[in-house]
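The values are calculated or read from the model by the stated rules, or taken from the named source; none is laboratory data. Just so it is clear, the structure is predicted and the values come from calculations on it, not from any experiment. Cβ placement follows ideal geometry from the backbone for every residue including glycine, while neighbour counts extend to all protein chains displayed. Areas reflect the complete protein model, heavy atoms only, side chains present, ligands, DNA and RNA absent. Shrake-Rupley method; radii C 1.70, N 1.55, O 1.52, S 1.80 Å.
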Amino acid sequence: MTGKVYLVGSGPGDPELLTVKATHLLEEADVVLHDKLPGPEILGLIPEEKREDVGKRAGGEWTPQEYTNKRLVELAEEGKTVVRLKGGDPFVFGRGGEEAEHLAANGIEFEYVPGITSAIAGAGVAGIPVTHRDHASSVSFVTGHEDPTKEESAVNWEALAATGGTIVVFMGVGKLPEYTKALREAGMDPETPVALVERATWPDMQVATGTLDTIVDVRDAEGIEPPAITVIGDVAGTREEVLEFLQ
Ligand code: SAH
């Protein structure tokens, strides 16, 4: 009998933010395919013999997506209950869509198990609501991985600047100088508040704040590194008002 694959979101990293369903599935699974993003605490809950790391390999090389796709099918065909564990939510910059398509194309039954995305939780634990009646009526999730100066860039920074809403950038530590510049050039106020939240809900979480103008220097001074989200918009400025009482 063919097994089943569960595309499971782990949430941002605090094990208490795993869903009840994710917790049960981690117990029931024969194999858990994961990378580093679920974080040390959640990965620590999974017995070593069940774990298969399909993230960065020794030497800094990424496991090719084709390998992960193939492995998921292979394990299911062996009759295994497979959890593909992903940081945050599997369908938010998690390649869950690609894996779902591959499984469907190979006739493998799968289930999507939502997780709390770092875009919302990462901002929130830093004291930043991604929407707020007085400050932002929309929120956009975008990748910061692409070079905004590239002609064929899939992210339209100009259009984003025009929304007036909150922008949450994933994978955006390295290209921070490029896209903050693109947003300023698109007419966004250089004083717009910006927050960087690194390892949200992990024991060593770090938050750094500045403006569209200063955030690159802040990043360098505070040593912010991936994984981190960038929260851009007036909501990032409300943090100061709640910080004293934020646990
Ligand atoms: N599926 C994930 C996103 C995967 S893309 C989600 O829904 O959250 C990888 C990017 O996610 C990282 O580069 C970083 O921008 C963000 N990220 C994931 N977990 C994070 C965390 N705990 N703290 C801050 N950023 C995080």
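A few notes on this one:
- Selected residue (criterion: most open to solvent (accessible area, probe 1.4 Å)) from residues of the range 142-158 that are not in a loop (DSSP other than H, G, I, E, B) and not β-branched (Val, Ile, Thr): Glu158
- Applying the criterion of being open to solvent by less than 10 Å² (accessible area, probe 1.4 Å) and not in a loop (DSSP other than H, G, I, E, B) to the residues of the range 170-197, the residue that is nearest to the ligand (Cβ to nearest atom) is Val197.
- Hey, Ala126 touching a residue at least 60 places away in the same chain (Cβ under 8 Å), within 13 Å of the ligand (Cβ to nearest atom) and assigned by TED's automatic domain parsing to the domain that holds Thr211 or not: yes
- Check on Glu101, at pLDDT below 95, part of a helix (DSSP H, G or I), surrounded by fewer than 22 Cβ atoms within 10 Å (Cβ to Cβ) and not assigned by TED's automatic domain parsing to the domain that holds Glu240: no
- Members of the range 114-141 found to be open to solvent by 30 Å² or more (accessible area, probe 1.4 Å), of a type outside the set (A, V, I, L, M) and not in a helix (DSSP H, G or I), listed by number: Pro114, Pro129, Thr131, His132, Arg133, Asp134, His135, Ser137, Ser138, Phe141
- Conditions (1) β-branched (Val, Ile, Thr); (2) out of contact with any helix residue (DSSP H, G or I) (no Cβ under 7 Å at 6 or more places or on another chain); (3) open to solvent by 20 Å² or more (accessible area, probe 1.4 Å); (4) within 16 Å of the ligand (Cβ to nearest atom): number failed by Thr209: (2)
- In the range 135-156, residue nearest to the ligand (Cβ to nearest atom) [restricted to those that are in contact (Cβ under 8 Å) with a residue 60 or more places away in the chain and over 18 Å from the mean Cα position of the chain (by Cα)]: Ala136
- Considering the range 218-245, and only residues there that are surrounded by fewer than 11 Cβ atoms within 10 Å (Cβ to Cβ) and more than 22 Å from the chain's Cα centre (by Cα), the residue that is nearest to Thr180 (Cα to Cα) turns out to be Glu241.
- Any hit, the range 78-97, residues being away from the ligand (no atom under 12 Å from the Cβ), assigned to a helix (DSSP H, G or I) and of a type in the set (Lys, Arg): no
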